[in-house]
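S.K.: Here it is: the structure, laid out below.
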Amino acid sequence: MKVLVVGSGGREHALVLALGRSPQRPELLCAPGNAGIAADARLLEIAGDDIDALVGAARDEAVDLVVVGPEAPLVAGLVDELAQAGVTAFGPTRAAAALEGSKEFAKQVMEAAGVPTARWSRARSVEDGMSAISSYPRC
């Protein structure tokens, strides 16, 4: 089994380490990875937000599973593009990732669904933000 982890931070390093403990002994790749991850996975010099290159590498390397760590490629639709290319991926689709990628969208969804959530407002400028803050009760 061959697994590609997308990302370069501590979360991705933890994923690589955990996957490396699998009894299946997968071959691990990471894009772009970092110097610490390089001890446990073969690094691919592909930016984590280069969707086309990541999909191409997953196909070229005959990857069995892609695990996506960072928010940016998820919001950009990496999982959707991998699915279209016939590559299995672990991570939310573009539509589902929008909940994490946009706090405003997440709050709107929670309100529409009746999910209790803290009071919020949208600020388009520093002045808007300061005005909104001043309207909140002090503790």
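S.K.: Note the full-extension length gain between residue 72 and residue 111 as 0.36 nm times their separation in residues minus their Cα-Cα distance, in nm to one decimal.
M.R.: On the way: separation 39, 0.36 × 39 = 14.04 nm, distance 2.46 nm.
Value of the extension gain: 11.6 nm.
S.K.: Over what distance in Å are the Cα centres of region 47-62 and region 26-46 separated?
M.R.: Region 47-62 and region 26-46 have Cα centres separated by 13 Å.
S.K.: Considering only protein heavy atoms, what per residue accessible area in square angstrom results for the chain with a 1.4 angstrom probe? Please report the intermediate quantities before stating the final value.
M.R.: Details: 8320 Å² over 139 residues.
With the other protein chains kept in place, the chain gives 60 Å² per residue.
S.K.: Got a number for carbon plus sulfur as a percent of the chain's accessible area, 1.4 Å probe?
M.R.: On the way: 4620 of 8320 Å².
That share works out to 56 percent.
S.K.: Evaluate Rg over Rh across the chain, taking Cα atoms for both radii and Kirkwood's formula for Rh. Could the numbers behind the result be given before it?
M.R.: On the way: Rg = 19.0 Å, Rh = 16.9 Å.
Rounded to two decimals, Rg/Rh equals 1.12.
S.K.: Just want to confirm a number: the relative contact order over region 4-79, from Cα pairs under 8 angstrom separated by 6+ residues, in percent.
M.R.: Numbers: 112 pairs, mean separation 25.7, N = 76.
Relative contact order for region 4-79 comes out at 34 percent.
S.K.: Keeping all protein chains in position, work out how much accessible area residue 100 exposes to a 1.4 Å probe, and write it in Å² to the nearest 10.
M.R.: 100 Å²
S.K.: Compute the distance in nm between two label points, each set 7 Å from the Cα along the Cα-to-Cβ direction, one at residue 38 and one at residue 59.
M.R.: 2.9 nm
S.K.: Set the Förster distance to 41 Å, then compute FRET efficiency between residue 83 and residue 130 from the Cβ-Cβ distance, nearest 0.05.
M.R.: Details: r = 44 Å, r/R0 = 1.06.
E(calc), rounded to 0.05, equals 0.40.
S.K.: Let me ask something else. What number, in percent, do you get for the relative contact order of the chain if the mean sequence gap of Cα pairs under 8 Å and at least 6 apart is divided by its residue count? Working shown, then result.
M.R.: On the way: 206 pairs, mean separation 24.9, N = 139.
It rounds to 18 percent for the chain.
S.K.: Could you give the angle, 0 to 90 degrees to the nearest 10, between helix 10-20's Cα long axis and the longest principal axis of the Cα atoms of the chain?
M.R.: The helix 10-20 is inclined about 40 degrees to the chain.
S.K.: Also, quick follow-up: Which parts of region 46-80 would a label at residue 104 reach, counting a residue when its backbone N lies under 18 Å from a point 7 Å out along Cα-to-Cβ?
M.R.: Those under the cut-off are 75-76.
The values are calculated or read from the model by the stated rules, or taken from the named source; none is laboratory data. If you're wondering where the values come from, they're calculated on a predicted model, not measured in any experiment. So basically every Cβ, Gly included, is an ideal-geometry build from the backbone, and we count neighbours across all protein chains shown. Keep in mind that these areas ignore ligands, DNA and RNA; they rest on the heavy atoms of the full protein, side chains included. Shrake-Rupley method; radii C 1.70, N 1.55, O 1.52, S 1.80 Å.
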